[in-house]
Amino acid sequence: MSEQPFRCGFVAVVGRPNVGKSTLINTIFGHKISIVTPKPQTTRHRILAVESRQDCQIVFVDTPGLHRKAGKAINRMMNRTAASALIDADVVLFMIVANHWTVEDQDVLLRLKLTTVPVIALLNKTDKVHPKEKLLPALAEMSERYDFAEVMPISAKRKDNLEQLMKIIPGYLPESEPLFPEDMITDRSKSFRIAEIIREKLTLNLQQEVPYGLTVQIERYVEDESGIEIHAVIWVERNSQKGIVVGKNGSVLKRVGRSARVEWKAQEGVPVHLELWVKVKQNWADSEAELLRLGYESP
């Protein structure tokens, strides 16, 4: 019996905002690779998550949600980032919300029709569909929209059908040697990941549009025998936002700092000292030059 060839490739996870792309990746890996909040457009960057096995290496690419209202430079950059993931992809996971097809889903599908790689359609959040028979028309409709390699109902949150998905994906990957070290899980640095965790805590603690007008920049990240020291700047666009982020008597900032510190300490297993500052950089989100200075990438 001949030995099966090793397979390796990129699996782009795409879809409109808030369909569960980051939740899917976090659930597959069993811990947080990408931050998740109930607010759309939480993911702003292209993030790799690497699953290494004996017979294959699956490189998931988490992407920002493709969206129509791309008025600011950051929104246009996010759309380009998501679209660029399709260029290198060997397989695409197209995520939608089960029984909730939208015009933005249609926009994403139009992009996918220009690709030449297999596309697996994932109808997510099936745990919210009752009875399950209601999924049948949606599955049939998806099969009619495009010649998908597979159409699968899943629940990223409850792990429904994820084991089956992980069995299917390697068969669509090309024969190739591993692209990354076996012990690598993500391409993102610790500084990037703690900045994202701070932004996640801010998003969960702030209302309305404020989370969309802020970003986090790590100015100092030092590890030594005593633990980890982190200095982070939260950039906002207006003075009025600064007061909201700080909160009455610093209440919001303290809550965010405590929550982020506890999570990072649990992940790293050492004491964490986290200092937060809030500063104003007017219209940073609508300046490509400022975005690049703040660590955003322009494909």
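The values are calculated or read from the model by the stated rules, or taken from the named source; none is laboratory data. Since we're looking at a predicted model, the values are computed, not measured. All Cβ positions, even for glycine, are placed from backbone atoms using ideal geometry, and neighbour counts span all protein chains on display.
If the condition is being surrounded by fewer than 22 Cβ atoms within 10 Å (Cβ to Cβ) and within 23 Å of Lys201 (Cα to Cα), then the stretch 45-65 contributes His45, Arg46, Leu48. None of Ala138, Ala121 is part of a helix (DSSP H, G or I), buried (at least 19 other Cβ atoms within 10 Å of the Cβ) and among the small types (Gly, Ala, Ser) except Ala138. Can you find a residue in the stretch 244-257 that is touching an Asp or Glu at 6+ places or on another chain (Cβ under 9 Å), at pLDDT 95 or above and either of a type outside the set (S, T, N, Q) or within 21 Å of Arg44 (Cβ to Cβ) (or both)? Yes; the residues of the stretch 244-257 include at least one that is touching an Asp or Glu at 6+ places or on another chain (Cβ under 9 Å), at pLDDT 95 or above and either of a type outside the set (S, T, N, Q) or within 21 Å of Arg44 (Cβ to Cβ) (or both). Every residue in the stretch 164-190 that is part of a helix (DSSP H, G or I) and over 28 Å from Ile154 (Cβ atoms), please. Result: Lys190, single match. Can you tell me which condition Lys21 does not meet? The list is (1) under 15 Å from the mean Cα position of the chain (by Cα); (2) surrounded by fewer than 23 Cβ atoms within 10 Å (Cβ to Cβ), and all the others hold. With (1) under 15 Å from the mean Cα position of the chain (by Cα); (2) surrounded by fewer than 23 Cβ atoms within 10 Å (Cβ to Cβ) applied to Lys21, the lone miss is (2). Taking Val36, is it under 16 Å from the mean Cα position of the chain (by Cα), of a type in the set (A, V, I, L, M) and either buried (at least 21 other Cβ atoms within 10 Å of the Cβ) or modelled with pLDDT of 95 or more (or both)? Against the criterion (under 16 Å from the mean Cα position of the chain (by Cα), of a type in the set (A, V, I, L, M) and either buried (at least 21 other Cβ atoms within 10 Å of the Cβ) or modelled with pLDDT of 95 or more (or both)), Val36 qualifies. For Arg76, the conditions (1) closer than 27 Å to Leu204 by Cβ; (2) buried (at least 16 other Cβ atoms within 10 Å of the Cβ); (3) under 19 Å from the mean Cα position of the chain (by Cα) all hold with the exception of (2). Any residue at all in the stretch 150-165 that's free of Cβ contacts under 8 Å to residues at least 24 places away in the same chain, outside the structural domain of Ile234 (by TED's automatic domain parsing) and exposed (fewer than 13 other Cβ atoms within 10 Å of the Cβ)? Yes, some residue in the stretch 150-165 is free of Cβ contacts under 8 Å to residues at least 24 places away in the same chain, outside the structural domain of Ile234 (by TED's automatic domain parsing) and exposed (fewer than 13 other Cβ atoms within 10 Å of the Cβ).
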